[in-house]
Amino acid sequence: MNNVEQFILAEADYFHPMLERAQQSTLEQRENWRRETIRERQERMSLEVFDLLQGTVKYGPFKGLHLDRDTWWGKLDLGSQCLGLYEKEILNLIEATEAGRFSTFIDIGAADGYYAIGMLVSGKIGKTICFEQTEKGRSVIAENWKKNHSVGELTILGEANATSFASLRAQDLDNALVLVDIEGFEFELLTDEVLNLLKSCTVIIEIHHWMDDFLTKYNAFLRNAAQYFELETIQRVERETSNLPELRDFTDDNRLLLTSERRPGMMRFLKLTPKAQSLL
C-alpha cells in the first residue's frame, strides 16, 4: 500500500465520528437543538460525554472514579469531570502531589463528593473528612462512596464551623490538605480561631467575589491568614479539548461550552502553606 492510500485510510478514520454524528440526528432533534437555551445545551453535552464514558473519569488524578448521573449538585459539570477538565487548576495541583504527602484530605463544601471520594480513588491520600451542610448532599456522598467500593476511609460531617473543627483530632489536622469551596462564606468561616486550628495544613480556597464589601473582607482575611501561612495564587489553566478523541465530532461551540464552569469572572484560587514548614 503506497503512502497516499495509507493517508486516505487515516483521514477516513479521522472523519468517521463526524460523519456518523451527522447521520444520526433527526430533523426533529435538530429543530429542538435550535430552540434550546445555552444551559440546556450544556447539560445535554455534559450528559452525552458522561454516558459515552459510562460515568467514569477517564483522565487526570481521579481516573477510575465513578460518578452519579443523578447528582444533586448539577449535571452540567459531569462531562467535564469525566474528562478531567473540571477545576483543572486544582486537579493539576493534586496530580503533582506525591502519594502519602498529606495525612488527611479535608473537604469543606463537599457537594456530591467529587473531591472527597476522588482523592481516595487516586490513592494520594487514604483518609478524607468532608463537611457538607445539606442532608441531601451527605446522603449522596455516602452513596457515591459505596459506588466506588468504599475505598479508603471517609468521614462525613455536617456544617463546618469553629466548633466542628475544634472537635477534630489533632492527628487529622496535622499536615492535612484542606479544600474550601463554600460559595462566598469563606471569610465567615476562616476566622482567626479557625486559621489557628489549620495552621499546620495546606489550604486551597476558592475565592468568591460577589459579596458586599468584598475587598474590605478579602484584605482583612489576607492580613489575618498571613500570620500563619505563606500566601500564593494558583494560576488559571486553559482547558485543552483538541487532544481529546471523545470530542472530535463536537462542534467548536459545544466543545468550549462543555468546559465552561459558568463563573461570573475569572475565579481566584489561593494556596496557603504553613509558615513553619515547606509543603507541596
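The values are calculated or read from the model by the stated rules, or taken from the named source; none is laboratory data. For clarity, every value in this text was computed on a predicted model and none was experimentally measured. In this analysis, Cβ positions are derived from the backbone assuming ideal geometry, glycine residues included, and neighbour counts consider all displayed protein chains. With ligands, DNA and RNA removed, areas are computed over all heavy atoms of the protein, side chains included. Shrake-Rupley method; radii C 1.70, N 1.55, O 1.52, S 1.80 Å.
With r as the distance between the Cβ atoms of residue 69 and residue 168 and R0 = 35 Å, compute the FRET efficiency 1/(1 + (r/R0)^6) and round to 0.05. Walk me through the intermediate numbers first.
Numbers: r = 33 Å, r/R0 = 0.94.
According to the calculation, E is roughly 0.60.
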From highest to lowest solvent-accessible area (probe 1.4 Å; ligands, DNA and RNA excluded), 16, 209 read 16, 209
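Probe radius 1.4 Å, ligands and nucleic acids left out: which of 72, 210 has the largest accessible area, and how do the rest follow?
Details: 72 75, 210 125 Å².
Reading off the accessible areas and sorting them downward yields 210, 72.
With n ≥ 4 as the cut-off for DSSP H runs, can you work out [θ] at 222 nm for the chain, using -39500 (n - 2.57) per run divided by the number of residues, rounded to the nearest 500?
Working: 13 runs with 120 residues, N = 280.
Only helices count here, giving -12000 deg cm²/dmol.
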Run the numbers for residue 193 and residue 5: contour at 0.36 nm per residue of separation, minus the present Cα-Cα distance, in nm.
60.6 nm
If I compute volume of the Cα convex hull per residue in Å³ from the structure I just sent, which labelled value in [x] 177; [y] 147; [z] 163 lines up?
[z]
Report the gain in length on full extension from residue 51 to residue 95: 0.36 nm times residue separation, minus Cα-Cα distance, nm rounded to one decimal.
13.3 nm
With an 8 Å Cα cut-off and a minimum separation of 6 or more residues, compute the relative contact order for the chain in percent.
16
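Which whole-number percent is the relative contact order of region 111-156 (Cα, under 8 Å, 6+ apart)? Numbers along the way, then the final one.
Details: 58 pairs, mean separation 23.0, N = 46.
Taking the mean separation of contacting Cα pairs over the length of region 111-156, I get 50 percent.
Between residue 59 and residue 252, what is the FRET efficiency for a Förster distance of 30 Å, r being their Cβ-Cβ separation, to the nearest 0.05? Can you show the working numbers first?
Numbers: r = 21 Å, r/R0 = 0.68.
Efficiency, from the Cβ-Cβ distance: 0.90.
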Taking 0.36 nm per residue of separation and subtracting the Cα-Cα distance, what length does fully extending residue 175 through residue 243 add?
20.8 nm
Kindly identify region 1-109 as rounded, prolate or oblate by the Cα gyration tensor criterion: order the square roots of the eigenvalues as a ≥ b ≥ c, call it rounded if a/c is under 1.5, otherwise compare a/b with b/c, prolate if a/b is larger, else oblate.
oblate
